[in-house]
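A quick write-up on the structure given underneath.
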Amino acid sequence: MAALFLRFCHRKFSAVGISRLPKDNLDTYQLHSKLKHGTLLGVFDLLREYSSGSGTTKFDFTDLTSPHTWYPKARKKRRKVILHVGPTNSGKTHNALKQLESSPSGIYCGPLRLLAWEVAKRLNKANVPCDLITGQEREEVDGAKHKAVTVEMADVTSDYSCAVVDEIQMLGCKTRGFSFTRALLGISADELHLCGDPAAVSLIEEILKVTDDDVKVEYYERLSPLVPLKKPLGSFWNIQTGDCIVAFSRREIYRMKKKIESAGKHLCSVVYGSLPPETRTRQATMFNDASSEFDVLVASDAIGMGLNLNISRIIFSTMKKFDGVEMRDLTVPEVKQIAGRAGRYRSKFPVGEVTCLHADDLSLLHSSLESPSPNLETAGLFPTFDLMYMYSRLHPKSGIYQILEHFLENAKLSPNYFIADCAEMLKVAAFIDEMPLSLHDKYLFCISPVDMNDEISSQGLTQFAENYAKKGIVRLKEIFTPGTLMVPKTQSNLEELESIHKVLDLYIWLSFRLEDFFPDRELAASQKSLCSLLIEQFLERLGWQRPTAKRLRSRNVSTSLSSKNVRRYL
Ligand SMILES: Nc1ncnc2c1ncn2[C@@H]1O[C@H](COP(=O)(O)OP(=O)(O)OP(=O)(O)O)[C@@H](O)[C@H]1O
Ligand SMILES: [Mg+2]
């Protein structure tokens, strides 16, 4: 299937660090339209000012010591900031969402597409029309004054009466933290609700000292108990309905699924990062649905944030994970977040349990659950495109790689911040710098959701960028042949299909930002849906049972998967 991409780029990069790309950033989208409509007056005024005479030497674009001044709209308000902090399953998000629902307008910003979907669904069900906006989706609802978005899409140019930023402790994340900082400083809302771990409180208070916002902290207690067990699971024979076994590689996830299913008592849904998000949702829905026979979940830490699933017991198959560089012990926040998925309040299993597969791991599990998460000391920061653009006007010979490097090496920061890890961005920058593209276009490719460690994904990006640079228009059919997708037969077929899904996702992401030049969004979307249907067929075929009438019924309800559906796409 890799051959679907007709040309290959042979340039290889060694895996640098563990970082993934920062996903997407509305600033660039807005800047693009500002440039298009010639309204970027402030930038040109600044440029004129600083490139005439002594200004150039005085102004330092890499001075990032006052990021709160980047958001004039938010600075015009004295925002009422409410921090909802406490352990997992303590009702933090629920309470913030109640405020959002009852406000005349608002925005929810979450770290995962699944969470944004959950919130949009909840608000629409409560008759509060709510748009869903992620890097790859725009589902607009008539009359909506509310939006549920992934944090990278947080809108810092409109006014809201209420905003919620969920899992705010992620502002300490090396790669995505800067998007949380941007939402924290930049959203212009009368009320800003921040939900997360108490470890973020003192940093947020410190950061907000300069904004003149009114900050209040509300502490929460867990709503239903989470019991750390003294005994390990020991054998897969002891797996029960409602269990979720956690593993950190796709190979291990499928090994566990096979092992559990071959015992003949349970069928497993799977959730892990590189599965298409819609497949993850359907797998989770199937596990949550009491009438489905998929009563056990095998998952990676992709389930570890904010999600409400019907899990009775979390079982860590290991307490170590590979972080891109080395095998390391799980951190205290990771253990708590994952364990916190068991026993959700008002779920089918209101009392949760947590244990490990092996007895050796129990002591780390217990000590992690008893320890507070270490306080966060710094928040991620990344220069806005406007700053890079201004810098590039004064250094027209620099490519985007050099500009990024210059900012990374020379950025001046206040003690509350660190500069985001953009190793992945640099990999893309090195690929595309020689292409005849504008800085803005190069920047877009750099922040696009591409996984440069995945060969098919990086080939897809190269094809898109080359075709865009050479022809100005990128037709999907020129690089992708519809009608050739098949149900995977092997694990490596499955992996390829997951990668093809990522490439189609990337096309859709680009089509939202370069609409006239990536015109085949519909085709990409239908092929993407087909990929996830085929992946789901593969997952179901892995099951040990012949489909019974009951299973077929639940499958049709919860996954809409049928051979008729698949044929329609083919
Ligand atoms: N007052 C309430 N009434 C009804 N249901 C509630 C209430 N508070 C919380 N819940 C439900 O309890 C579950 C856990 O709440 P919530 O998701 O808000 O927890 P959280 O503290 O945000 O957890 P996490 O840290 O894992 O994100 C959700 O299903 C939520 O709908
Ligand atoms: Mg939450």
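Quick notes
- Qualifying residue in the range 120-130 (condition: buried (at least 20 other Cβ atoms within 10 Å of the Cβ), closer than 19 Å to residue 308 by Cα and among the hydrophobic types (A, V, I, L, M, F, W, C)): yes
- Of the residues making up the range 335-371, just one is closer than 27 Å to residue 453 by Cβ and away from ligand 2 (no atom under 16 Å from the Cβ), namely 335.
- Lone qualifier among 392, 367, 347 - being closer than 21 Å to residue 303 by Cα and in contact with a helix residue (DSSP H, G or I) (Cβ under 9 Å, 6 or more places away or on another chain): 347
- Qualifying residue in the range 146-160 (condition: within 30 Å of residue 210 (Cβ to Cβ), in contact with a His (Cβ under 7 Å, 6 or more places away or on another chain) and within 16 Å of ligand 1 (Cβ to nearest atom)): no
- Selection count where residues are at pLDDT 95 or above, over 16 Å from residue 318 (Cα atoms) and open to solvent by less than 50 Å² (accessible area, probe 1.4 Å), scope the range 216-238: 3
- For beta carbons closer than 7 Å, sequence separation of 6+ or different chains, a first residue in the range 479-494 that is open to solvent by 50 Å² or more (accessible area, probe 1.4 Å) and a second that is of a type in the set (Ser, Thr, Tyr), the qualifying pairs are 491/254.
- Residues within the range 68-118 that are within 16 Å of ligand 2 (Cβ to nearest atom) and not aliphatic (A, V, I, L, M), tallied: 21
- Filter pass, residue 135 being away from ligand 1 (no atom under 16 Å from the Cβ) and modelled with pLDDT of 95 or more: no
- One residue stands out in the range 515-527 among those that are under 22 Å from the mean Cα position of the chain (by Cα) and surrounded by 21 or more Cβ atoms within 10 Å (Cβ to Cβ): the one that is farthest from residue 474 (Cα to Cα), namely 527.
- Summed over the range 78-119, residues that are part of a helix (DSSP H, G or I), more than 10 Å from ligand 1 (Cβ to nearest atom) and without any contact (Cβ under 8 Å) to a residue 60 or more places away in the chain total 3.
- Check on residue 152, more than 16 Å from ligand 2 (Cβ to nearest atom), touching a Cys at 6+ places or on another chain (Cβ under 6 Å) and in contact (Cβ under 8 Å) with a residue 40 or more places away in the chain: no
- Of all residues in the range 427-439, those satisfying the criterion of being surrounded by fewer than 20 Cβ atoms within 10 Å (Cβ to Cβ) and in contact (Cβ under 8 Å) with a residue 40 or more places away in the chain are 430, 439.
- Qualifying residue in the range 174-191 (condition: more than 30 Å from residue 295 (Cα to Cα) and surrounded by fewer than 16 Cβ atoms within 10 Å (Cβ to Cβ)): no
- Residue within the range 306-313 that is in a loop (DSSP other than H, G, I, E, B), open to solvent by 40 Å² or more (accessible area, probe 1.4 Å) and not assigned by the TED database to the domain that holds residue 260 present: no
- Residues in the range 218-242 that are within 16 Å of ligand 2 (Cβ to nearest atom), in contact with a strand residue (DSSP E or B) (Cβ under 8 Å, 6 or more places away or on another chain) and not acidic (Asp, Glu): 219, 220, 224, 226.
- Of the residues contained in the range 135-144, one or more are found to be open to solvent by less than 10 Å² (accessible area, probe 1.4 Å) and farther than 21 Å from residue 192 by Cβ.
- The range 335-358, residues that are away from ligand 1 (no atom under 13 Å from the Cβ) and either modelled with pLDDT under 95 or open to solvent by 60 Å² or more (accessible area, probe 1.4 Å) (or both): 351, 353, 358
- Residue in the range 221-239 that is under 27 Å from the mean Cα position of the chain (by Cα) and closer than 29 Å to residue 450 by Cβ present: no
The values are calculated or read from the model by the stated rules, or taken from the named source; none is laboratory data. None of these values were measured; they are calculated from a predicted model. Cβ: placed from backbone, ideal geometry, glycine included. Neighbour counts: every protein chain shown. The protein model used for the area step is the full one, side chains on, heavy atoms only, and it has no ligands, DNA or RNA in it. Shrake-Rupley method; radii C 1.70, N 1.55, O 1.52, S 1.80 Å.
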